[in-house]
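The values are calculated or read from the model by the stated rules, or taken from the named source; none is laboratory data. Not measured: the values here are computed from a predicted model. Every residue, glycine as well, gets a Cβ built from its backbone with ideal geometry; the counts of neighbours run over all protein chains shown. Remember, those area values only see protein heavy atoms, side chains included, never the ligands or the DNA or RNA. Shrake-Rupley method; radii C 1.70, N 1.55, O 1.52, S 1.80 Å.
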Amino acid sequence: MMAVMALPPFPTDLPVQDLLVVDFQLLKSGDKDQADILWRAATTWGFWYLKNHVVNDFVDPMFDLGRKVMALSFEEKMEYWQGNEGGSFGYRHAGATYADVDGSTDVAEFINISKDDALAYPKVAHKVYPPLVNSRMEEVVKPFVEANLQTSAVLMEVFNEKLQLPPGTLSELHRLGNECISESRCIKMPPAPKDTNVALGAHTDFGSISFLVNRLGGLQVLVPNGNAGDWKYVKPVDGYMICNIGDTLSILSGGILKSCVHRVVPPPGLQFMHERWSLVYFLRPNNNVYLKALSDKSPSIEEAVKNAPTGVYFPGVTAVEWFTKRQKQHRTDSGKVSP
């Protein structure tokens, strides 16, 4: 297991965005107050903390696996490269995307493991992974995936009801047995040079819900309706996951659920001297889901679309087409066979 080393505290003199806290166990039990808190968070910022969740027991084993994979030689890791044609599963090296308009590139490397591969193992659904990953697929990766799926199912039920959708509408679009691009990601960001401004550029997430665990600062959200460049830190809290809405769920809800712009900068204060490790589970719709606001199924979504710019919630593509297009944007290695 990965030992949690003592890390410098998060500085107290930085602009921090206070997020609402949702208690998963209460939410799962049907607590209406928690459902209201989740709804308020998802429809204002699109970011919230989740405590008392079922993923905690699998976090350290996943970090330990990620550390061992990242310790492999570059050549070994590149045998499992994700490519640059819109695919996501496998290894992605640092510098593969532009991080800012000045042409600087990202500094993070990571390994993505498909939900479908984790649940189908030892069969291969999409991608072959390093032997280290395969050796822990059943005892580490699969339980982590299943815990996140359990968590997302509870959240989706709340959103489904609050959006006035027929029962099971959102869960059907994320049906467990159907092919999708949901994945687990372990990210390593090395100690950044002091002149590094942005480690991962401003973006919204491509999918439905993201579940993040990190122990060092660096995540920032762009304040909605604030001044240009008004960024605030999201402070890591031990035992909490940071959750956020992604683009596809925002589209399906006609913009009622908010997909907030965020980025990653080097850890603040004395934290910048340490490696920054993050663990994310990305929930995404089934590949064949046609992305459009569900205005024909919900009066509240229908009303929201009336007040939105024409066509903004009707991109005219499937979930996999949307993801592939977004995944290829800002690549520094487009068209290359290998970096």
Taking into account only those residues within the range 309-332 that are outside any helix (DSSP H, G or I) and surrounded by 14 or more Cβ atoms within 10 Å (Cβ to Cβ), which is modelled with the lowest pLDDT?
-> 330
Report whether or not residue 258 is at negative phi, out of contact with any Gly (no Cβ under 7 Å at 6 or more places or on another chain) and not in a helix (DSSP H, G or I).
-> no
Can you pull out the residues in the range 43-73 that are in contact with a strand residue (DSSP E or B) (Cβ under 7 Å, 6 or more places away or on another chain), of a type outside the set (A, V, I, L, M, F, W, C) and in a helix (DSSP H, G or I)?
-> 66
Among the candidates 146, 161, 109, which residue alone is out of contact with any strand residue (DSSP E or B) (no Cβ under 8 Å at 6 or more places or on another chain) and under 18 Å from residue 282 (Cα atoms)?
-> 146
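Filter the range 230-247 for residues that are more than 12 Å from the chain's Cα centre (by Cα) and not in a loop (DSSP other than H, G, I, E, B) and give the result.
Hits for the range 230-247 are 231, 232, 233.
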Taking the range 193-217 and keeping residues farther than 23 Å from residue 238 by Cβ and of a type in the set (A, V, I, L, M, F, W, C) leaves 198, 202, 206
Can you tell me which of 133, 141, 107, 145 is modelled with pLDDT under 95, crowded, with 20+ Cβ neighbours inside 10 Å and of a type in the set (A, V, I, L, M, F, W, C)?
-> 107
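Quick check on this structure: which one of 218, 246 is open to solvent by less than 20 Å² (accessible area, probe 1.4 Å), in contact with a strand residue (DSSP E or B) (Cβ under 7 Å, 6 or more places away or on another chain) and at positive phi? Full working, then the answer.
Details: 246 fails: at positive phi.
None of the other options fit; the residue is 218.
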What are the residues in the range 37-90 that are open to solvent by less than 40 Å² (accessible area, probe 1.4 Å) and on the phi > 0 side of the Ramachandran plot, if any?
-> 46, 83, 86, 90
Could you give me the residue pairs with C-beta distances under 9 Å whose first residue belongs to the range 307-321 and is closer than 11 Å to residue 289 by Cα, whose second residue is open to solvent by 70 Å² or more (accessible area, probe 1.4 Å) and not hydroxyl-bearing (Ser, Thr, Tyr) wherever it lies, and which are 6+ apart or on separate chains?
-> 317/325; 318/288; 319/288; 320/179; 320/288
